[in-house]
Structure formats: C-alpha cells, structure tokens
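Beneath this line is the structure, given in structure tokens, with notes to follow.
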Amino acid sequence: MTHHHAHAGDHPEAPYLELLARGAPAEAYDSPALTARADGAGPDTLADLDSMRRLALRVRADLEGRRRREAELSALFETAHDLAGLRDLDAVLRAIVQRARSLLRTEVAYLSLNDPAAGDTYMRVTEGSVAARFQQLRLGMGEGLGGLVAQTARPYVTSSYFDDERFQHTSAIDTGVRDEGLVAILGVPLMLGSTGSTVIGVLFAADRHPRVFAREEIALLGSFAAHAAVAIDTANLLAETRSALAELERANATIRDHSAVLERASEAHDRLTELVLRGGGVHDVAEAVSEVLAGTVEFADADSPYTAVLRLSGTDGHAMRHGDDWLAGVSAGGELLGALVLHGHPGLDPVDRRTLERAAMVTSLLLLARRSAGEAEQRVRGELLDDLLDAPGRDRQVLRERAARLHADLDAPHVVLAARIDGPVPTPAARRTADRRRIGSAAAYLAATRHGLASTRDGGTVLLLPLGPGDTPAETARQTAKQLGGALREPVTVGASGAVAAPALTPGAVAAAYAESRRCLEALRLLGRTGEGAAAQELGFLGLLLADTQDIHGFVERTIGSVVAYDKKRGTALVRTLDAYFANGMSPARTKEHLHVHVNTVAQRLERIGRLLGPDWQTPARALEIQLALRLHVAGPATRP
C-alpha cells in the first residue's frame, strides 16, 4: 500500500494523461482521486491529484475549444468554398443554415428574407423545423424578434421567447413559434450595402428548451449571416462571389492586384497620351482601353440607349455600373456627347474605373477638337459661298484660290441647290431655329464630303455642288433630298438650278442660280411634292416660268421635238395638224374641215402623233404644255433670248 502511494505521488498526472488521450467525459476525471482515497492515500497525494484534475480539466476544455474552433473554421472554409463554386443560391443558403445548426448544436435553424414588394418578411430556408405553419410564416416589418433585429441591425437573443417583452408579439408569429415549440431564439442580421447598413433578412438558431447563447456562439452565427448576405448579394447582382478563402488570402491578393491595376493605369496613361499627340480618334481610344482593361470598350454616340441611361442617372462625370457593363459619360460644358461602354466587367476595380473615366475625358477632348475643326471648316466654306452669292465684285481668281484650299474646284460645272426641312405641320419659332441649325450642319457635312460649299440662309440651306460626268442637276437634287432627309429623319425638299458651267461660275451667276433653285423649291412645295428633289427643267412650262435662263428651245425640244423631227425628216404636216386639232377644240371633224383633208387622214395623223408623244399626250396637263410649246415653236427665234 505504501509503495502504491509513493508511486501515485511520483506520477499523479499519469491517469489524467490517459483520460485526455482517450477523450474521456468530464465526470471521468473524478475517478483517480476517488480510487486513491479508497486505497487510503494521504492528504498530500490527494491534493496533488486534485490539482492535476483541475489542470487536466482546463487542458480538456482548451482542447475542446480548439476542436470546436477548428470545426467552426472548417465550416466557414466549406461555406466559402460553396460560395466560390456554387451558382445555386438556395443550395448555398441551405448549406449555411445546416452548418449553423450543427455548430451551435441547436434543434432548429432558419433564415428569413425581406420582401420589399410585399412589404413583409418570409421564411427562405428552415432546418430541423417540423411545423408546416412555421415554415410558411410571413411576418410584417418590425414584428417579432426578427423585426427587432431588422430595426436595430443588431443581434438579439432570448432565452424564453414568450416571456420576453422587448419585441412586438403578434398572434400569427406566436402561433407559428408555439407550433414549432421554440423557446430560446438567437437572431443575427443579414446586411448589405457599402456600409453594411441595409438589413435584408435575419439568420436564426433556436432550441425547444431554455438556453443561454454564449458570446462566441452569437459571433459564429454572425459569421454565417455575413456569408449568407454575400451569397444573396451575388445572386442579386449576377456577379462573381468573393469567397471566404479569398478573404483569408486578401493581404497578398490585394498587393498583387493593386500592383497589376497600377501597371494597367500607367499603361493606359501612356497609350492615351500617345493617342492625343498623334491625333487619334475616339475609336482609337476605345481600342486602347479595351486592350489595357482586357475587355471590350465601345464608344456610344449621343443618341444611344447607354447615353440615355447616363442622362437619367445624373452621374456627374463618374463611371456607373449598368448590368454587367460600366458606363462613363463623354461630356463637355454640360453637354453629353456620348459614352464609353466597358462590356462584361461587373467587378471593376476603382483604379480601373478611374482609367475608364480618364479615357472618357480624353474622348471628349478629341471630340471637341474635331468639332472645333469641323465648325471652323464649315464656317470658312459658308463664308466662301456667301461671297459667291452676295459679293458680285469679288475677284474670281481669289475665290478660286480660297476654294482650292477647301478642296473645291470652281473650274468644274456646278449646280446650286436650295434645301429646307418640310415637316407635316407648321412649327414654332424655336423649332424652326433648331431645324435651320440641324440642316445647316447636315448640309455642311455633305458639302465637305462632295468637295462643295454650303451655307445657311433664308430659313434653310444653300449648297454649291460639283457635277460629275453624267450627273444632272435633277438627279443631284434627288440624291441630296434623300441624303439630308435620311440624316435628319425628316422630309427635306431640294430645288436645283440648271448646270452652271465653269467659265460662268461667277458671283453673279451663282446668285442667279440660287434664285432659280429657290423658285424651284417653292414650286415643289406648291405642287405638294415636299420631301422630294427636282430641277426647274423637270417641271415643264412651270419650270420654264421659274428659270431665269428661259430655255425655250430646250422646253420645245423636250415637249414636241419628236413631232417636229418627224415632219422635217418625212415632209409630213404633223405639227400643223396638231396645232389645228387644239385650235378646233380637239375635234377631229372640225380639224379635217380646217385642213381640208379626209377625216381618216386626220385620224391617221393623230395616231402617229400619239405614238411619238406617248399615250397621255391629251391629258389636261400634257395638252397645256404641248399647246405652249406649239406657240413658242411657231413664234420662232424672236421669242428666244
């Protein structure tokens, strides 16, 4: 017996090490002291054993804490892995609730989400629940323990739900909780927003008996709630989730990513500087930023839907997210000129965002420079045409040299065109002013591409365009009406003068041709042919009346030239028969008496005339032109200028 006591005194820790090694329950640690006392151990031995028991229990508690912490970290790691690998929100939330229930060792765990549309809160995931009414519970905002959590954005715990008066009890909630048999409930908020201030739901752990939740358990449930909020935010924003594993490696990743971002920003700065120095365009900027940010960047003009989104948002020069895209406004002097759109980059780094904004600023400078140069050229072209129209005494050689600097050739044949927007209804003065500005810009662009001149005047615009080989004034007028109308998305009417040959292209001749084109424009409007283009010579005798040149020979030739040529070649009397036919009220019987020929002869001649002039020659409009042409033909050279 003495030997046993000495042995126990020498190694009092041995039985406790064995208990620790096999993970014995806490009550087993009383056994060595009880055995020693039964064996008659002395007070010193029993004191040593008691000291060893307390130390062993502390070690056991520490090991249990470490195992629990390891399990918690493992669960958090698994949750982070789920967030990184899963795209099914329900599966992620279910895993979070299951792990929370397991680690906190509660009988029930559940997660509720706010429904802004319905103005209440609903159960999204439950684990361990047995009551159908509880699983389908919907709570009004601010009701129950969950309502208190949502209002204060802080965790709340109750060891006895029905005895707790800190929150608002309602019959619906109390009935659901009673059906489930819950007593102790812990709720932590699910928060979103840059400052974590928006509560979107609550994560709960609950038992069916009274229980006090430790501070560590509240913190653990808070960690799971944070993961649930991340998962929900990911689903709502359709973005890649930042996993908890990435957060554990955040320090290294942040340094690495920040370095890469700074390199990209530096490269973008160099590329943009180079572009500006060599006079690049807006699409060059978009291409350069696409390469730097490893994405697709496009320039959207002022009429695009992206620009409309920026106008509505009022972002004040900052890039904004739009779905999976980022938009940066291209603006100058308060005017939104367009947008740079970075496609498919929902998670854009702040430095990359600044790069996109800087690229938008460079784009606005390039646009302003291009607009300034365009306006300067437009002004110079307009001043030259104004001199041709208003200054008959100007030296033609000086005008030719000025035109050459604008790549316009005053030695080529030209046509003068008068154009005007012709809407369906009368427009107010402010709209007419805007229309003049719009058609002036469109005409200036068209003139620049055609190596011509354009100027705004008389409520519309005037153009001086060169005629290429085979071009006619009429065809040029029609093309111009189509091009300007397409650019402005409104009907544009265009009247053309006759061709102005190179030697005659003097200031006085240009002014006369402009007057003719304006009269032609007015004639088209009077004839109801708005939105069309035509030349005076196309309008028959009306064109003859409009034209200063009074091309009588051309009018006669176009109208009855085929009949005159037939008489001249065959020695027939078709012109005389035609004249008599109209003089006798278009009556064949009276015509044959007037000509002293047989009625069959008159019929044969009229049939021949019909084949030469076309089947519509007796319609009122054609008949009027034919009679005018006959009078001018009979009058002869005396009527010609």
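For THR175, THR619, what ranking results if the residue with the fewest other Cβ atoms within 10 Å of its Cβ goes first?
On the way: THR175 14, THR619 11.
Fewest-to-most ranking of THR175, THR619: THR619, THR175.
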18 Å reach of a label modelled at VAL212, 7 Å along Cα-to-Cβ, counting backbone N of the stretch 172-188: 183-187
Using a Förster distance of 35 Å, how high is the FRET efficiency between TYR445 and ALA623, based on the Cβ-Cβ distance and rounded to 0.05? 0.20
Cβ charges +1 (Lys, Arg) and -1 (Asp, Glu), total dipole of the stretch 86-248, debye: 220 debye
Using 0.36 nm times the number of residues separating ARG358 and ASP90, minus their current alpha carbon distance, what extension gain do you get? 92.4 nm
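Using R₀ = 45 Å, calculate the FRET efficiency as 1/(1 + (r/R₀)^6) where r is the Cβ-Cβ separation of ASP458 and LEU612; round to 0.05. It would help to have the intermediate numbers written out before the result.
Numbers: r = 42 Å, r/R0 = 0.93.
The computed FRET efficiency comes out at 0.60.
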Take the alpha carbon atoms of the stretch 187-236, find their center, do the same for the stretch 155-169, and report the distance between the two centers in whole angstrom. 17 Å
Give me the number: length gained by fully extending ASN584 to GLN135, i.e. 0.36 nm times residue separation minus the C-alpha to C-alpha distance, one decimal in nm. 151.3 nm
For the stretch 86-248, averaging the sequence separation of alpha carbon pairs under 8 Å that lie six or more residues apart and dividing by its residue count, the contact order in percent is 23 percent
In whole angstrom, how far apart do the alpha carbon centroids of the stretch 107-144 and the stretch 291-331 sit? 40 Å
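Restrict the search to the stretch 99-173; then list the GluC sites (Glu not before Pro) that DSSP places in a loop and that have at most 12 other Cβ atoms within 10 Å of their Cβ. Intermediate values should be presented prior to the final figure.
Values: sites: GLU107, GLU127, GLU143, GLU165; in loops: GLU107, GLU143, GLU165.
Hits after loop and neighbour filter: GLU165.
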Gain in span if fully extended, ALA573 to ASP115, counting 0.36 nm per residue against the direct Cα distance: 155.2 nm
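Order by neighbour count: LEU186, LEU103, LEU34, LEU46, fewest other Cβ atoms within 10 Å first, most last. Could the numbers behind the result be given before it?
Values: LEU186 26, LEU103 21, LEU34 10, LEU46 15.
So the ranking, lowest neighbour count to highest, is LEU34, LEU46, LEU103, LEU186.
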Could you put TRP617, TRP326 in order, starting from the residue whose Cβ has the fewest other Cβ atoms within 10 Å? TRP617, TRP326
Once the dipole of the stretch 552-639 is set up with Lys and Arg at +1 and Asp and Glu at -1 on Cβ about the Cα centre, which of VAL556, GLN604, ILE626 lies farthest towards its positive end? GLN604
Calculate the spin-label point distance for LEU488 paired with ALA235, positioning each point 7 Å from the Cα along the beta-carbon direction, and give it in nanometres. 5.5 nm
Efficiency of FRET between LEU55 and SER102 - r from beta-carbon atoms, R0 35 angstrom, step 0.05: 0.70
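Taken together, the values in this text are just the output of simple stated rules run on the coordinates, not laboratory data. Quick caveat: nothing in here was measured; it's all calculated off a predicted structure. Neighbour counts are summed over all protein chains in view; Cβ atoms, including those assigned to glycine, are modelled from backbone coordinates with ideal geometry.
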